[in-house]
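Below: one structure, written as structure tokens.
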Amino acid sequence: RASPFALVVLGFWLAASPLAAAPQESVVRPEPEATEREKPESQRPKLLELGGKIPAPLALTDIDGEAVRSQALLGKVVVVNFWSFTCPIMKGWESRLKAIHDEYTDREVVFLMVNSNVGNGEIGDAEPAKEGDKPYAKIRGYLAEHELPYRVLVDLGSKVADVFQARTTPDVYVFDPKGVLVYRGLIDDDPRGNKGEKTTHHLRGVLDMLLAGEAVDPKATT
């Protein structure tokens, strides 16, 4: 799935595309480090479960090289989504996720997109092609083309994906202001966008409950 990195987030469906898709083109990639599951058990961070918090040492950088650390996110509601710009399932939700992002960012909810896809070339271009270019040109190009305001974190080595036990894109995790994972699952129950008013808006409901100081229910969808 990937190589080195630096997350963390927060005090952070359906049958979708796997985080590591088949290679689509030749990309120069850094040598992969051992993923968390390949390390001796004593060296692995504790796996994240509902009701738990992000392991303190876990950290990631965004595509601009700025680190994200959990302590800075305490006191805020945080949404972490494992995200891919080549996954057709993720693309089906993109416009609705953007609408949620825009609406709830104005209500001081933090959104972080985590990309763990080295295998299909999404984060294989960390080094600019020529002097003066910024890294991760493919991600930047997709964000610009689709006018997406996301902050994208790069999970080289799939370290965060392994700890989160993330398996698909999208895979959404919501953390309360204390940094506790209170929801994992779907954005909504309409991946194809054809249910209309019959859609159950899981992520919106969770965010509304948290912002109103209410207990989250359900805590998980699949």
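Among the residues of region 37-47, are any open to solvent by less than 90 Å² (accessible area, probe 1.4 Å) and either touching a Gly at 6+ places or on another chain (Cβ under 7 Å) or modelled with pLDDT of 95 or more (or both)?
We begin by selecting, within region 37-47, every residue open to solvent by less than 90 Å² (accessible area, probe 1.4 Å); these are 39-40, 45, 47.
This time we only want the ones that are either touching a Gly at 6+ places or on another chain (Cβ under 7 Å) or modelled with pLDDT of 95 or more (or both), so: none.
No, region 37-47 contains no residue that is open to solvent by less than 90 Å² (accessible area, probe 1.4 Å) and either touching a Gly at 6+ places or on another chain (Cβ under 7 Å) or modelled with pLDDT of 95 or more (or both).
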Of the residues in region 94-107, those that are open to solvent by less than 30 Å² (accessible area, probe 1.4 Å) and farther than 16 Å from Gly205 by Cα come to Glu94
If you go through Lys198, Lys178, Lys134, the only one that is open to solvent by 30 Å² or more (accessible area, probe 1.4 Å), closer than 26 Å to Asp64 by Cα and among the charged types (D, E, K, R) is Lys134
Subset of region 149-164, residues modelled with pLDDT of 95 or more and open to solvent by 20 Å² or more (accessible area, probe 1.4 Å), comes to Pro149, Arg151
Taking first residues from region 122-148 that are closer than 16 Å to Asp62 by Cβ and second residues anywhere that are aliphatic (A, V, I, L, M) and open to solvent by 80 Å² or more (accessible area, probe 1.4 Å), the pairs with Cβ under 9 Å that are 6 or more apart or on different chains are Asp125/Val28; Ala137/Ala129
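If the requirement is being modelled with pLDDT under 60, crowded, with 21+ Cβ neighbours inside 10 Å and not aromatic (Phe, Trp, Tyr), which of these qualifies: Ala16, Ala21, Ala34?
Selected residue: Ala16, the only one of Ala16, Ala21, Ala34 that is modelled with pLDDT under 60, crowded, with 21+ Cβ neighbours inside 10 Å and not aromatic (Phe, Trp, Tyr).
Name the one entry in Leu73, Leu60 that is over 25 Å from Ala212 (Cβ atoms), at pLDDT 85 or above and buried (at least 16 other Cβ atoms within 10 Å of the Cβ).
Details: Leu73 fails: over 25 Å from Ala212 (Cβ atoms).
Going through Leu73, Leu60 in turn, the sole match is Leu60.
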Apart from one, (1) hydroxyl-bearing (Ser, Thr, Tyr); (2) modelled with pLDDT of 95 or more; (3) surrounded by fewer than 18 Cβ atoms within 10 Å (Cβ to Cβ) all hold for Thr222; the odd one out is (2)
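Given the options Val78, Val110, name the one that is closer than 22 Å to Leu211 by Cβ, at pLDDT 95 or above, open to solvent by 10 Å² or more (accessible area, probe 1.4 Å) and of a type in the set (A, V, I, L, M, F, W, C). Lay out the reasoning, then the answer.
Working: Val78 fails: open to solvent by 10 Å² or more (accessible area, probe 1.4 Å).
None of the others qualify; the one that does is Val110.
The values are calculated or read from the model by the stated rules, or taken from the named source; none is laboratory data. If you're wondering where the values come from, they're calculated on a predicted model, not measured in any experiment. Glycine gets a Cβ as well: all are built from the backbone with ideal geometry, and neighbour counts include every protein chain shown. For accessibility, only protein heavy atoms count, side chains too; no ligands or nucleic acids. Shrake-Rupley method; radii C 1.70, N 1.55, O 1.52, S 1.80 Å.
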